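Q: Below you will find the structure I want to go over with you.
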Amino acid sequence: MNNNIDYNRIVAIAAEELRKHSDWRVAFSRYADNIIAASDVYKEASKALKQQLPKEMGLLRIYSSIALVQKSPKSAYFDLRIYGQSVGGLMFKNGKLYLSITAKQQQNNYKHLHIETIANPLRKPYILESKDAQKIIKIFTEYDGVGADMKSREHQYETLILHDLVQTASKSKKITYCRPVMLGEYGFFQMRTVFAASRHQPKYAMNGRAAMGGGIDILARIQHKEGKWRLAVMELKDDNNGSESQPIVMMQAMIYATFIGYLLRDVDCGKKWWNLFRNQDNEKSIKPTIDIDVITVMPSDKTGKLPEANMEKEIPIPGIDNVTLHPYSLYVDADLEKSIIKKISGTLCSEKKS
């Protein structure tokens, strides 16, 4: 496939699907209400995590998601992952943090990561401050990744990029002025959508009251040269080849970004999601115009033969007022074995603050 992809057509198809259906509006209004109801609990959980987890987390990452937040407004739930694999879970309840390891996680931890962990008894998670829990956390945070048998290198690539995005020291941070959307101070927030877009066409995916579409790889905020922060939809691939070249990956990112645009303009829950996502300028009111960065993140093309999508064309989302998508490329060349980012390039670099 070449770079003559009609992104306006892709966006228009996704927009039409969103106008045809209303069940997604009900579902995401409920999701937003539940996240807001649990916000104080997640703030408390973040403080407890800061106190009880080591500062250096190594390859261990903490995730939250729409599904986890829906569990209870009185408790906070997090998924612990290494290279994208779920290795355990954290729960904050009644002022205490608990660590859980299921039998399946115990099995997979040894099978794929060669880490020995012991599953907790059913309905009896470890208290995080206990010796047993701290021993497991130490194993996770000191894990060096040597010998990991992972099915997807993309998870390793994503882990490396997320680690960079949360850095605060500019000297160690490669992708500067880019911050992931998080729930509290901890927990990369995985945003599910209503589209199954892996085949690069917008396929509507709601199942009753639940969204069954794909998740955005990274939802972030990026500061541009003029000082304004924009919401950004980032789609990652660990390779750059014909079947997953930059123009094709941009199609998937455009579909997800169209959904975010419609979500923010929804009359019932748009303001709620704006405040959950909102830019670093802390504007609590939705702007008359919304600009969303749509970014492909992948290694650079070493051959010089692969096409790149047209990055000069802004795309207004049809059917809603004043929401514009801005396509960018971000090429991140990394050494996954050493867990280092060697070089970044792409059209985003010249547009964002540096």
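Q: Restricting to segment 67-78, name every residue that is buried (at least 20 other Cβ atoms within 10 Å of the Cβ) and either assigned by TED's automatic domain parsing to the domain that holds Tyr157 or not small (Gly, Ala, Ser) (or both).
A: Leu68, Val69, Tyr77, Phe78
Q: While we're here: Somewhere in segment 109-119, is a residue in contact with a Ser or Thr (Cβ under 8 Å, 6 or more places away or on another chain), in the same structural domain as Asp79 (by TED's automatic domain parsing), assigned to a loop (DSSP other than H, G, I, E, B) and hydrophobic (A, V, I, L, M, F, W, C)?
A: Yes.
Q: I would also like to ask the following. Provide a single number: the residues in segment 227-259 that are part of a strand (DSSP E or B) and out of contact with any Cys (no Cβ under 8 Å at 6 or more places or on another chain).
A: Residues that pass the stated criteria total 7.
Q: For residues that are touching a residue at least 60 places away in the same chain (Cβ under 8 Å) and out of contact with any helix residue (DSSP H, G or I) (no Cβ under 6 Å at 6 or more places or on another chain), tally how many sit in segment 62-76.
A: Residues flagged as touching a residue at least 60 places away in the same chain (Cβ under 8 Å) and out of contact with any helix residue (DSSP H, G or I) (no Cβ under 6 Å at 6 or more places or on another chain) within segment 62-76 amount to 5.
Q: Name every residue in segment 174-226 that is more than 11 Å from the chain's Cα centre (by Cα), within 20 Å of Ser354 (Cα to Cα) and assigned to a loop (DSSP other than H, G, I, E, B), in order of residue number.
A: If the condition is that a residue be more than 11 Å from the chain's Cα centre (by Cα), within 20 Å of Ser354 (Cα to Cα) and assigned to a loop (DSSP other than H, G, I, E, B), then Lys174, Ile175, Thr176, Tyr177, Lys225, Glu226 are the ones that fit.
Q: Taking only segment 312-352 into account, find how many residues are charged (D, E, K, R), closer than 16 Å to Tyr177 by Cβ and assigned to a strand (DSSP E or B).
A: Within segment 312-352, residues that are charged (D, E, K, R), closer than 16 Å to Tyr177 by Cβ and assigned to a strand (DSSP E or B) number 1.
Q: I would also like to ask the following. Considering each of Ser65, Ser22 in turn, give the residue that is closer than 30 Å to Pro327 by Cα, of a type in the set (Gly, Ala, Ser) and within 18 Å of the chain's Cα centre (by Cα).
A: The match here is Ser65.
Q: Does Ile5 count as β-branched (Val, Ile, Thr), touching a helix residue (DSSP H, G or I) at 6+ places or on another chain (Cβ under 7 Å) and either touching a residue at least 12 places away in the same chain (Cβ under 8 Å) or not assigned by TED's automatic domain parsing to the domain that holds Asp132 (or both)?
A: So Ile5 fits the description; yes.
Q: Going residue by residue through segment 240-262, is there one that turns out to be touching a helix residue (DSSP H, G or I) at 6+ places or on another chain (Cβ under 7 Å), among the charged types (D, E, K, R) and surrounded by fewer than 22 Cβ atoms within 10 Å (Cβ to Cβ)?
A: No, because not a single residue in segment 240-262 is touching a helix residue (DSSP H, G or I) at 6+ places or on another chain (Cβ under 7 Å), among the charged types (D, E, K, R) and surrounded by fewer than 22 Cβ atoms within 10 Å (Cβ to Cβ).
Conditions tested, residue by residue: (1) farther than 30 Å from Asp238 by Cα; (2) polar (S, T, N, Q).
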| site | (1), (2) |
| --- | --- |
| Ala38 | yes, no |
| Leu59 | no, no |
| Ser75 | yes, yes |
| Met91 | yes, no |
| Leu113 | no, no |
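Q: Select from segment 28-42 the residues that are surrounded by 20 or more Cβ atoms within 10 Å (Cβ to Cβ), among the small types (Gly, Ala, Ser) and in a helix (DSSP H, G or I) and list them in ascending order.
A: Answer for segment 28-42, where residues must be surrounded by 20 or more Cβ atoms within 10 Å (Cβ to Cβ), among the small types (Gly, Ala, Ser) and in a helix (DSSP H, G or I): just Ala32.
Q: Now, a different point. Within 24 Å of Leu236 (Cα to Cα) and either basic (Lys, Arg) or modelled with pLDDT of 95 or more (or both) - does that describe any residue in segment 134-146?
A: No, the conditions are met nowhere in segment 134-146.
Q: Sticking with this structure for a sec: Please find, among Tyr143, Tyr110, Tyr126, the residue that is surrounded by 17 or more Cβ atoms within 10 Å (Cβ to Cβ) and touching an Asp or Glu at 6+ places or on another chain (Cβ under 8 Å).
A: Only one candidate passes the filter, namely Tyr126.
Q: Does at least one position in segment 40-63 carry a residue that is of a type in the set (S, T, N, Q) and closer than 30 Å to Ile255 by Cβ?
A: Taking segment 40-63 and keeping what is of a type in the set (S, T, N, Q), we get 46, 51-52.
Remaining after also requiring closer than 30 Å to Ile255 by Cβ: none.
No, segment 40-63 has no match at all.
Q: From the set of residues in segment 152-186 that are acidic (Asp, Glu) and surrounded by fewer than 21 Cβ atoms within 10 Å (Cβ to Cβ), which is modelled with the highest pLDDT? Break it down into steps so the answer makes sense when it comes.
A: We begin by selecting, within segment 152-186, every residue acidic (Asp, Glu); these are 154, 158, 164, 185.
Pick out the ones that are also surrounded by fewer than 21 Cβ atoms within 10 Å (Cβ to Cβ) and you get 154, 164, 185.
Numbers: Glu154: 81, Asp164: 90, Glu185: 67.
Restricting to residues being acidic (Asp, Glu) and surrounded by fewer than 21 Cβ atoms within 10 Å (Cβ to Cβ), the top hit is Asp164.
Q: Quick one: in segment 197-236, which of the residues that are charged (D, E, K, R) and free of Cβ contacts under 8 Å to residues at least 24 places away in the same chain is farthest from Thr296 (Cα to Cα)?
A: Ranking the qualifying residues of segment 197-236, first place goes to Glu226.
Q: Looking at Ser64, Ser86, which is the one that is outside the structural domain of Asp239 (by TED's automatic domain parsing), surrounded by fewer than 20 Cβ atoms within 10 Å (Cβ to Cβ), in a strand (DSSP E or B) and at pLDDT below 95? Before you say what the answer is, go through the steps one by one.
A: Details: Ser64 fails: surrounded by fewer than 20 Cβ atoms within 10 Å (Cβ to Cβ).
Exactly one of Ser64, Ser86 is outside the structural domain of Asp239 (by TED's automatic domain parsing), surrounded by fewer than 20 Cβ atoms within 10 Å (Cβ to Cβ), in a strand (DSSP E or B) and at pLDDT below 95, namely Ser86.
The values are calculated or read from the model by the stated rules, or taken from the named source; none is laboratory data. It should be emphasised that the depicted structure is a prediction, and the values quoted were computed from it without experimental measurement. Reconstructed Cβ throughout: ideal geometry from the backbone, glycine too, with neighbour counts over all protein chains shown.
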